[in-house]
Amino acid sequence: MASRTVRNLVDGEWVESLSGRTRERRNPADTRDVVSTFPESDAKDADAAVSAVAAGWEAWAATGPEQRATVLEAAAGILERQRDSLIEDLVREEGKTRAEATMEVSRTPMNLRFYAGEAMRTAGVTLPTGDGSLVFTLRAPVGVVAAITPWNFPLNIPSRKLGPALAAGNGVVFKPSEVTPLLGQRLVDALLAGGLPAGAIAVLHGGAEVASALVTDDRVDAVTFTGSTNVGESIHRASRASRRTQLEMGGKNPVVVLEDADLDRAANLIVKGAFGLSGQACTGTSRVLVHDAVHDALLERIAAGAQALRVGPGLVDGVDMGPLANERQRDSVLGHVARALDDGARLVIGGPADDTQDLTAGDLAHGHFVRPTIFADVDPASALATEEVFGPVLAVLRVQSLDHAVELADATRFGLSAGIVTADVARALRFARRVTAGLVKVNQPTTGQAMNAPFGGLKDSSTQTSKEQAGDSMMAFYTVDKTVYLSA
Ligand code: NAD
């Protein structure tokens with residue numbers, strides 16, 4: 001397949017980086033396939049992009065909510081009509097399977113439609129007074145919003161930031177992940193084709209260099225970031241106190257399995273949560289905390305389910321799990337596996353000696369493939385039990401009671417998603433009340449969210465600035481409130 005040229009968007013023009021530097025993105029299932037060449041932007045490009053949006057956003061803010069809603073609706077329709085080619089690009093650029101890509105490509109226009117509605121609904125309040133005057137809050141856009149996103153949902157996550165930011169009348173400087181530049185460009189192409197004025201948006205491609213220039217630019221009024229906790233914390237340190245910053249970060253998500261659980265059901269949802277998206281979901285299951293009484297029976301079922309998964313390129317029929325996103329990701333995951341072995345965890349399936357599938361033969365040798373890997377008897381204090389792996393590696397730990405499960409579930413710095421499998425609703429509710437996680441799933445995988453539900457983590461998984469995706473506070477991040485006192 002042909003390689004595509006991806007460009008920055010500055011002042012309504014698709015342009016090269018000012019330095020002329022470029023990078024290549026290769027297909028993670030077959031690195032002989034160059035998906036795109038894209039700009040390696042730097043501080044000068046960031047300066048030009050912020051200048052353009054700083055000059056242009058107020059014209060967008062002055063439009064009515066109907067017009068902003070119409071643009072988001074139109075972009076949604078365009079994405080729906082481009083569905084097949086978006087799915088192919090998503091598989092080729094990011095590495096999802098066709099089924100996983102189909103879900104993301106279907107969800108993205110729904111998000112834009114949801115935020116189109118928010119453009120019309122976002123309103124202030126009027127407060128009672130005793131003297132006949134009027135006190136009310138006026139909601140206005142924040143101004144210039146920088147949106148910095150990861151590669152694992154290159155359409156869905158940006159649409160959850162660009163959608164509400166634009167619905168509220170902000171200008172956006174969008175920095176997609178350098179792993180998925182093409183999908184970033186395609187999302188913005190749809191917004192422009194849907195009628196978004198050029199002054200309301202700029203796109204910068206590249207990595208840490210341009211992203212850190214963006215977050216230290218004083219003309220940026222708000223930063224919304226999704227990515228790793230380490231990078232998020234560096235953004236927080238670089239930001240001035242008065243700038244609003246929304247950071248949605250990593251996870252180490254547990255599933256607790258109690259002794260009364262339906263073990264087949266538990267194993268299915270654990271395999272789905274741990275190995276879906278090749279384990280590269282922020283809400284992916286990375287720990288199982290299973291009651292001693294059912295430990296062996298559950299482990300056997302999870303291992304069988306994971307072992308049956310076929311790894312390969314996402315467009316090939318019958319493939320259940322695609323590659324990891326790039327060499328760095330694969331090496332990092334294999335590093336976690338090696339460390340777990342050194343730390344004495346018991347390898348159940350996967351790992352270096354797994355011969356279920358020869359990943360070094362034929363075309364597979366050109367992709368970043370890793371077999372599903374499960375460790376048991378994992379030390380709760382070890383790296384595998386506490387650090388985010390972001391790959392298809394599952395740690396299984398024994399617990400003796402619900403209290404013990406809550407204690408271990410909370411024994412990491414993260415607090416994104418936590419699941420429990422039990423037939424006992426009362427114990428499930430006790431877990432939901434006590435565990436420190438932004439999402440609690442009862443008899444469901446840790447992954448997967450309703451698009452109209454608030455989303456975000458606790459602890460080091462999030463700044464908890466306001467929830468992403470939906471809910472009362474979501475539009476608050478993208479608007480400022482002024483309290484107006486009016487006497488006639
Ligand atoms: P990452 O932190 O490496 O990169 C995220 C984005 O930040 C990219 O666009 C990257 O170019 C940019 N960036 C890199 N260095 C920067 C810097 N110094 N300053 C500003 N920006 C910088 O994350 P990733 O590898 O793209 O994504 C995987 C991570 O994202 C995982 O930790 C995962 O848990 C997390 N994630 C979280 C959520 C969530 O909603 N909580 C969702 C998806 C992914």
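Please state the relative contact order of the range 253-442 as a whole percent: Cα pairs under 8 Å, 6+ residues apart? It would help to have the intermediate numbers written out before the result.
Details: 356 pairs, mean separation 56.0, N = 190.
Relative contact order for the range 253-442 comes out at 29 percent.
Indicate the helices, whole DSSP H runs only, in the chain that combine a mean Kyte-Doolittle hydropathy of 1.6 or more with a Cα extent along their long axis of 15 angstrom or more. The partial results should precede the final answer.
Numbers: long enough: 43-61 (26 Å, 0.38); 65-81 (24 Å, -0.13); 83-94 (16 Å, -0.92); 98-121 (35 Å, -0.58); 156-167 (16 Å, -0.05); 181-193 (18 Å, 1.02); 263-275 (17 Å, 0.67); 295-307 (18 Å, 0.05); 327-342 (22 Å, -0.77).
Membrane-span-like by this criterion, though nothing is claimed about a membrane: none.
Our Cα-only numbers for the range 288-438 put the radius of gyration and Dmax at 16.7, 52 Å. A straight line joining the Cα centroids of the range 408-452 and the range 368-390 runs 20 Å. The range 457-488 and the range 143-201 have Cα centres separated by 20 Å. The slack between Arg21 and Arg265, meaning 0.36 nm per residue of separation minus the straight C-alpha distance, is 82.8 nm. In percent, rounded to a whole number, the relative contact order of the chain is 18, using alpha-carbon pairs under 8 Å and six or more apart. Note on Ala123 and Thr483: the model spin-label points, each 7 Å out from Cα along the C-beta direction, lie 2.1 nm apart. Between Arg434 and Ala453, the contour length at 0.36 nm per residue exceeds the Cα-Cα span by 4.8 nm.
Here's the picture: a label point sits 7 Å out from the Cα of Thr356 along the beta-carbon direction, and within the range 250-264 the residues with their amide nitrogen under 20 Å of it are 255, 263-264.
Assigning unit charges at the beta carbon (Lys, Arg +1; Asp, Glu -1) and nothing else, what dipole magnitude in debye, to the nearest 20, does the range 1-106 show about its Cα centre? Write down the numbers at each step before the final one.
Working: 14 positive and 21 negative charges, 61 e Å.
Using Cβ point charges on Lys, Arg, Asp and Glu, the range 1-106 gives about 300 debye.
As a calculated quantity, the FRET efficiency between Ala293 and Val34 at R0 = 60 Å, using C-beta atoms, amounts to about 0.70.
Here the alpha carbons of the range 1-131 define both size measures, Rg and Dmax, at 19.8, 74 Å.
In whole angstrom, the chain maps to an equivalent ellipsoid with semi-axes of 39, 29, 19, each derived as √(5λ) from the alpha carbon gyration tensor and ordered largest first. Summing +1 for each Lys or Arg and -1 for each Asp or Glu, what net charge is found among the other residues whose Cβ lies under 11 Å from the Cβ of Ser462? For residues surrounding Ser462, the net value is -1. Past the 26 Å Cα-Cα mark, which pairs from Lys459/Lys482; Lys161/Lys252; Lys161/Lys441? The pairs that break the limit, which is 26 Å between Cα atoms, are Lys459/Lys482.
Annotation: for a label point projected 7 angstrom from Cα along Cα→Cβ of Arg328, residues of the range 181-208 with backbone N closer than 15 Å are 181, 205-208.
What is the order of Asp260, Asp45, Asp221, fewest Cβ neighbours within 10 Å to most?
Listed from fewest to most nearby Cβ atoms, that is Asp260, Asp221, Asp45.
Under 5 Å between amide hydrogens, built in the peptide plane, is the criterion, and for Asp424 it picks out nothing among residues at least 5 positions away or on other chains. As a size descriptor, the averaged projected area of the C-alpha convex hull of the range 68-124 was calculated at 4.2 nm².
In plain terms, the residue of Ser461, Ser382, Ser133 with the fewest other Cβ atoms within 10 Å comes first and the most crowded comes last, giving Ser133, Ser382, Ser461. Each of Trp151, Trp57, Trp14 was scored by other Cβ atoms within 10 Å of its Cβ. Arranged with the fewest first, they read Trp14, Trp151, Trp57.
Give the relative contact order (percent, whole number) for the range 364-452; include only Cα pairs under 8 Å separated by 6+ residues. Answer for the range 364-452 is 22 percent.
Given in Å, the Rg to one decimal and the Dmax to the nearest whole number for the Cα atoms of the range 137-232 are 12.8, 42. Taking each residue as 0.36 nm, the span from Thr70 to Arg243 lengthens on full extension beyond its C-alpha to C-alpha distance by 59.3 nm.
Separation of the range 84-115 and the range 1-57, taken as the distance between their Cα centroids, equals 21 angstrom.
What the pair-distance distribution of the range 1-60 shows, using all Cα-Cα distances binned every 10 Å from zero, is 22, 40, 25, 12, 2 percent.
Coordinate-derived values only; no laboratory data. Just so it is clear, the model here is predicted, and its values are computed rather than measured. As a convention, Cβ positions derive from the backbone with ideal geometry for all residues, glycine included, and neighbour counts pool all protein chains shown.
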